[in-house]
């Protein structure tokens, strides 16, 4: 691994607004422009992709009940989380390696977010861009930093220092990825990252370039415990989200350990296959959290309807991931903005048609149990 | 929008009786004769068409239990609603833009209904024909008028005046469409109406011609509230149905606001995608309505069995929509009559085989819960 | 209808033993040898064929639990019903028009049954063969007669006289067919019977030849009531099964009217489409019948497992229909015998593997609820 | 049957490590190298293969809930059963006729197991290799012997003597196979074994070669009863598993008869079709067994997730069958080892991601009910 081989990876370069009819269609269009190994990495998941499919299937377990005669016009999508006033109840999820989608890497995504405005970028520890490069695009907009911990706490302090000095206002501790999920497509493709990961390269034996996800995860910390929540919280002085929560038990455990927020996620089906759809786990978790801390939800958000259903089931905000990357692939920062615009427009329409004027109304909406 | 471009739209023109083996087959045949954009508009729905599919799926959630030894012969399909004695428990649903299906527009449909006799035509505010043109076909048969409200109540009074003078005996207030649903097919087709809408053109910036559904809905009133029910009821002196009810809560709200009838519908899946199948919502609504006002049901009626199931679940009558338009496309007014004849024959057969002599018997029939 | 047109219908003529790997495969093989209109008539059902599919799907709602350490060897399939000792718990269902499958018509089926021995033939009122022709094959083996009633009771007495003099030991009153089901395939094929129906031709305006099923059913009696049960019972002095029972209510009604047996059936999905799978209705009926009279079950029996499940859910015997006709089509009477042999062998294997020595053991077996 | 015809059967011969991305892919690869009749025999099941499909479907009825903040690193897969300390909670299932997969027959499998180490081989009575040949590969590793009983107890004593002298530490009494299941593919292929079965040939009229499974099972004992459990236990002095348990009732019966272990299995769907998925029956059985004796589970294990789910539902260990044979077919003993390595690696990953450090933790994990 000492000598880095040059692997040719032609990431898309085009910058253009894109028409978003649906984000499912974006995925198909992105497949045509992103190199196959990169596309499979981005879109794929673990094992049978059972959990990936469940993430989508789960939406059909609850129906939205349109309320009429509801005195609604031009619904207000604004909300706030941990002191940030945001104009929409969705933020960018932390996703690794945006460079697979576009040559501008995370900086392109950041610029799209900045141009959209009024939301938050989550920066992944597995970013292919440096904090500085990202700030070129983000231009002072709010950001949270997602950490994959090193086995060496000195390294972790070092990374937290850097993230904090970059302006992160919260730390997202990913707790569901103490090893790589069983990414069969990556195995079949013998996929390795075509570029390095400047943030975590300090604790890898290598830059990240030409390394497999398996290898990188194995070099990160396996034992993520309540002590780590406390460590990050104490050291950084920042609010900590524990990401990857799928049970009420773990939500309570995280809050007990000092978490300032719960991030319900199954990592887009990319970690433990055989887990239920993330949305299927949300309601029981939110009941236990009971408003003590905010809940962020991800894994499967593709439409305004999904945002609505998640919020009506206890999430405070949601995070969107893959669809934004597809927008990045198809149009660079302009594509990112097109996707965010789409989500805003689609959510507004859903709120109007569902008879909900505010995010608070959405949270109080009753869903229809499609299984009974 | 001031200059109207001439878009070529070759609507079918043939007038002939058609053989109706099933209305699902009619849809496939109509696809061959209606221009693609028009067909997609008519047959399509919102988003993933999840709700459209649920409208059909929902029928399989309840089975009809054939009762035997039941002393039934030549069942009587007649019933009455709001003072109208009708020979069948189904009426024409309000559907926009019949001109997409046939050059005779709503007048063709009206003539088919008149020739069938003994039922009611719902005239859509988005009709492409004028009241006068429709009356040419309808020839004094009963009609209800469906309103999309203007933001300007003076316009609404004006429209109500005209509808009333045309002889409407009830007003259907569509409450689920304060914006357009997310019609992806229309977006992909860049579909605009190829002709104007004389009834609502008075409040549009344009005639309706060359305008998208999105645009038209956006120009109509968003805030439809209980006050509007009262306004229409008071001003017109006519009974008002609130259409688009999907919850017991809204049924009660509408009745409290003075609605003379509840119209259970999800707009054929064309408005809020992610809503449950309309039939799945019917029973709980009818329990709350509890006979205080009549219930009309639509969204998914394609067979006599469906009419039976809806009536056995609390509807007083049903409204049929797309299948009639397919009949119009395939045979003009004669095709419309063929479709109505089919529904009558099919319902009679179902009533005979289910052991029900009257519509009252159908309403009292017990269905089989297929989910348990 | 006075002049009978000669329609060419080349029914199969071959007589040979056939290998029965599964009766589903027989259906596919029969499709190749039976003229299309006849095959569609035999294999098809009403409407969407929802109920036909449910008849098959319903088996998957209950699982057989294999019992081990059960001291079983060479299981005994014999049982008795209404005084007949039979070697297997299945009999021939009454099916119309065997001549569509084979030129030997019902006589071929009868011979196959006679050669198999130890079971009962149900003779349909819509037989294409006369009682005499059938007896040529049946050779004194037991038979029940299934009646479609005339509107004229004198005709009914006449038919009952003939059936009784032919040796019928029970009358099966089909109560679910007071009109024809909505057989879409027949409509598309413009299917009419290519030969007459000597038993009911006495009350038809025509022989049955060149007549549609719709027409024939319409000429039979619609009002089948408890009085008819009593009439047949009193006049014939024979035990009467009421066939087409799908509800506990009707089972009680039939018994109250003097029925000597309940025949649970949805007519193979050929009458009221939208009805649940026949097997799904069996258990609740058998609980109400509670052993007062025997229960025959049909609609969907294709395997030994199905016989087992039906018996374990309350049936005393089952009737098999279409698979026998496919055997007739593929091998004449020898094919019929092959199919009956298959069912016997398959049932024996299932009984052995399920740990049940006798039919009584089967009836007491506990099934597994696959829906929970 | 006296003269043995020479049937050409070219079993694979290659010995190589294989890449196991998933065992489902192995099945597809094995299909390409194993003669069709042999492959269908190995991979196929009874009847409609309903139960085979249920074995796979059943896994989706329960989801694994990933637990985070769990202090887990390098999970420990070791456990013990009946005094054997094993490094993984899976063993080799008893499967007949490994020679269909590879010319080295059971000896190849045995060598792969020995090289993997730390687990147990179950030797089938229908082995194509002799005990001596198997020991060449197994080299003293632990083994259990699975018996199909002769109708002649003298023969059974003889077989038990031989198994015991070979070093078997437990006897597996297969109780679900007192006749062959209804293997339709074998019938269509007219499949007979291309080689003899030295262990049971002593009680067959023939060596096993050129004999069908039907024939062989018919010559074995049908009446397997609690007395046989006692007989084997008393005569051999070895612990006896009763294999093929699918009900709590039979688990209790077996324990009452002296069984030292319960083997939950539906024979991979190869015996009674129409049975539920094996995993669906496990939980109720384990509740009744309540730790009195250990439970082995098989039928459908293809992934680490499946092992996890089975253990969390009451199994103490699982047995893997077909995937190992596919490994044998593709790579001889090296392929067998590759498959066992895969299961170990996959289980470790699942344990890590599910937050379980030990097998005891897995057993105490709560699963998510996907049906509710």
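Things worth noting here:
- Residue within the stretch B:174-183 that is modelled with pLDDT of 95 or more, under 30 Å from residue B:116 (Cα atoms) and part of a strand (DSSP E or B) present: yes
- Yes/no for residue C:71 being closer than 30 Å to residue C:212 by Cβ and surrounded by fewer than 24 Cβ atoms within 10 Å (Cβ to Cβ): no
- Within the stretch D:143-167, being surrounded by 24 or more Cβ atoms within 10 Å (Cβ to Cβ), assigned to a loop (DSSP other than H, G, I, E, B) and more than 13 Å from chain C (Cβ to nearest Cβ) holds for one residue alone: D:148.
- Exactly one residue out of A:115, A:135 is surrounded by fewer than 23 Cβ atoms within 10 Å (Cβ to Cβ), touching a residue at least 60 places away in the same chain (Cβ under 8 Å), away from chain B (no Cβ under 14 Å) and assigned to a helix (DSSP H, G or I), and it is A:115.
- Residues of the stretch A:266-302 satisfying the condition of being part of a loop (DSSP other than H, G, I, E, B), closer than 14 Å to residue A:43 by Cα and within 14 Å of chain D (Cβ to nearest Cβ): A:270, A:271, A:299
- When we screen C:57, C:28, C:106 for residues that are under 21 Å from the mean Cα position of the chain (by Cα), within 14 Å of chain D (Cβ to nearest Cβ) and free of Cβ contacts under 8 Å to residues at least 40 places away in the same chain, the only hit is C:28.
- Segments classed as helices (runs of 4 or more DSSP H), wholly inside the stretch D:304-372, with at least 2 members that are more than 13 Å from every other protein chain (Cβ to nearest Cβ) and either free of Cβ contacts under 8 Å to residues at least 60 places away in the same chain or surrounded by fewer than 24 Cβ atoms within 10 Å (Cβ to Cβ) (or both): D:322-354, D:359-363
- So residue C:281, is it touching a residue at least 12 places away in the same chain (Cβ under 8 Å), more than 27 Å from residue C:50 (Cα to Cα) and surrounded by 24 or more Cβ atoms within 10 Å (Cβ to Cβ): no
- Filtered residues of the stretch D:82-100 (kept if surrounded by 21 or more Cβ atoms within 10 Å (Cβ to Cβ) and touching a strand residue (DSSP E or B) at 6+ places or on another chain (Cβ under 7 Å)): D:89, D:90, D:91, D:92, D:93, D:94, D:95, D:96
- The combined condition, being outside any helix (DSSP H, G or I), crowded, with 22+ Cβ neighbours inside 10 Å and touching a helix residue (DSSP H, G or I) at 6+ places or on another chain (Cβ under 8 Å), is not fulfilled by residue A:14.
- If the condition is being buried (at least 24 other Cβ atoms within 10 Å of the Cβ) and assigned to a loop (DSSP other than H, G, I, E, B), then the stretch C:101-112 contributes C:101, C:102, C:104.
- The lone exception for residue B:73 - which of (1) within 14 Å of chain C (Cβ to nearest Cβ); (2) within 28 Å of residue B:282 (Cβ to Cβ) it fails: (2)
- Checking each residue of the stretch B:249-260 against the condition of being more than 28 Å from residue A:59 (Cα to Cα), within 11 Å of chain A (Cβ to nearest Cβ) and surrounded by 24 or more Cβ atoms within 10 Å (Cβ to Cβ) gives at least one match.
- Check on residue A:40, in contact (Cβ under 8 Å) with a residue 40 or more places away in the chain and within 14 Å of chain B (Cβ to nearest Cβ): no
- Hits in the stretch A:179-221 (condition: surrounded by fewer than 18 Cβ atoms within 10 Å (Cβ to Cβ), touching a helix residue (DSSP H, G or I) at 6+ places or on another chain (Cβ under 7 Å) and within 9 Å of chain D (Cβ to nearest Cβ)): none
- Failed criterion for residue A:156 (all others in (1) closer than 13 Å to residue A:104 by Cα; (2) more than 19 Å from the chain's Cα centre (by Cα) hold): (1)
- Boolean, residue D:239 is surrounded by fewer than 23 Cβ atoms within 10 Å (Cβ to Cβ) and within 19 Å of the chain's Cα centre (by Cα): yes
The values are calculated or read from the model by the stated rules, or taken from the named source; none is laboratory data. Small disclaimer: the values here were computed from a predicted structure and weren't measured. Note: ideal-geometry Cβ built from the backbone for every residue, glycine included; neighbour counts use all protein chains shown.
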